[in-house]
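The values are calculated or read from the model by the stated rules, or taken from the named source; none is laboratory data. Here the structure is a predicted model, which is why all the values come from computation and not from measurement. Note: ideal-geometry Cβ built from the backbone for every residue, glycine included; neighbour counts use all protein chains shown. The accessibility values were calculated without ligands, DNA or RNA, using every heavy atom of the protein model including side chains. Shrake-Rupley method; radii C 1.70, N 1.55, O 1.52, S 1.80 Å.
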Amino acid sequence: GYSKAYVSAISRFGKSPNSMAGSDDITNATMPDNDVINNTVPDTQKVYELLDIMLGIGVPLDGFSVTSLMALPSTPENITSLLKRIEPEMMVELSPAAYRSIISAYARTGDASSACWMFEEMIQSRGNQGRNTESWNVILGALAKGCVGANGGNALDILNSSAARARRNLLSETS
């Protein structure tokens, strides 16, 4: 099972990104722009490499995987890109907790519109499971964060948010 793959992944994970650049994996094609990585979290590139290794050896993703990964992206576009990358690999539907982590990630970037889009998607897909105090508190926090700083005077543009555009593109690709 996974034990040989785990040993292989750990040994590969320890390699530098430059030593892996010539390999036949898809690491370089699935990571966000290196400038974004280098300016945000120091070891983000290694996390994306490990994600690609996990997917390459068939480790299924779940809601906890999504929640963990949402700590990484620093822009709405990075969040949307990561979601597009991992959703086809999900073994289950997103849980309310996973949706809340996505909403919080968009909120951290100041993109309240995308946070609202994901909140609506959660309500539509999870029904009553998404309608709880935790979920309402997360969207309240996202809206509050969207009211400060540079975004303070901007009206919400939910239908044209990063998340909405990506979802429409995804739907048009599958049609």
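Observations on the structure shown:
- The set of residues in region 74-101 that are basic (Lys, Arg) and over 9 Å from the mean Cα position of the chain (by Cα) contains only Arg100.
- Test: Leu94 is of a type in the set (A, V, I, L, M, F, W, C) and in contact (Cβ under 8 Å) with a residue 60 or more places away in the chain: no
- Subset of region 50-73 (residues that are over 17 Å from Glu93 (Cβ atoms) and open to solvent by less than 50 Å² (accessible area, probe 1.4 Å)): Leu51, Asp52, Ile53, Leu55, Gly58, Val59, Leu72, Pro73
- Among residues of region 72-98, those that are modelled with pLDDT of 85 or more, over 24 Å from Asn160 (Cα atoms) and outside any helix (DSSP H, G or I), counted: 2
- Among the residues listed as Gly110, Gly149, the single one being at positive phi, surrounded by 12 or more Cβ atoms within 10 Å (Cβ to Cβ) and modelled with pLDDT under 90: Gly110
- Whichever residue in region 113-134 is over 18 Å from Ile158 (Cα atoms) and part of a helix (DSSP H, G or I) and, among such residues, is most open to solvent (accessible area, probe 1.4 Å): Asn128
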